[in-house]
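Q: Handing you a structure now.
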Amino acid sequence: MSIDWSAVYTDTYQDLHRFLAGKVWDPDRAHDLVQETFVRALGHRPTDPRAWLFTVAGNLARDEARSAVRRTRHLHLLENEARAEEAVDPEAPARMERERIRSDVGEALDRLSGRDREVLLLWNSGNSYEEIAGLTGLSVGAIGTTLARARKRLVREYEGLEADVARNRG
C-alpha cells in the first residue's frame, strides 16, 4: 500500500507543529522538527502514518530536550546580555517578562508526569481521544479524566512558580 505523504503532510503538519511547539517551546525549532519527522517518514510505510509521525516527533522532541539541558548552562550569560540590552532598549523588560512566563509554563509542564505532559500536548495538538489513547496506551475512557487532572496539576505547578517569582521579587 502506497502512502500519499503529501496528503499526510497537509493533514498533519499543523497538529504536529502544535505538539512539538508545546514540547520544545520554540515555534521555529518545532517547524524544523516537523520537517525532520517527515524526512524520516519517507523511507517508511507505517500502517497508521499519523500515529507513527507523532511517535517519531515525540522521540525527536526528547532528543531536543537533552540538547536544551546543555544549552541552559549558558543561561547566566544570556541574562547578563539581556540586562545590558535593557539599558539600550526600553522594550526589553516586557520581552523578558513574556519570556519568563513562557519559561515558567515550560517548567510547569516539565514538572508534570510524563503521561500528564504527553496527554496535554497531544490534546493541544488536535488529537482526538481515540488517537491519544492509541499513542499513550490509555483507554479512551481514561483520556478525559487524565486531561482534567493534568490541567489542574499544570495550573497548580504554574501558580507555584509564579508565587516563587513574587517571593523572590519582594
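Q: Under 13 Å from the Cβ of residue 140, count the other residues' Cβ atoms, weight Lys and Arg +1, Asp and Glu -1, and hand me the total.
A: Neighbourhood net charge equals -2.
Q: A follow-up question, please. Fewest Cβ neighbours within 10 Å first, please rank 155, 34, 105 accordingly.
A: Ordered by Cβ neighbours within 10 Å, fewest first: 155, 105, 34.
Q: Considering all alpha-carbon pairs of region 91-170, what whole percent are spaced by more than 17 angstrom?
A: 52
Every number here is computed from the coordinates shown, using simple stated rules; none is lab data. Small disclaimer: the values here were computed from a predicted structure and weren't measured. Every residue, glycine among them, receives a Cβ derived from its backbone with ideal geometry; neighbour counts consider all protein chains shown.
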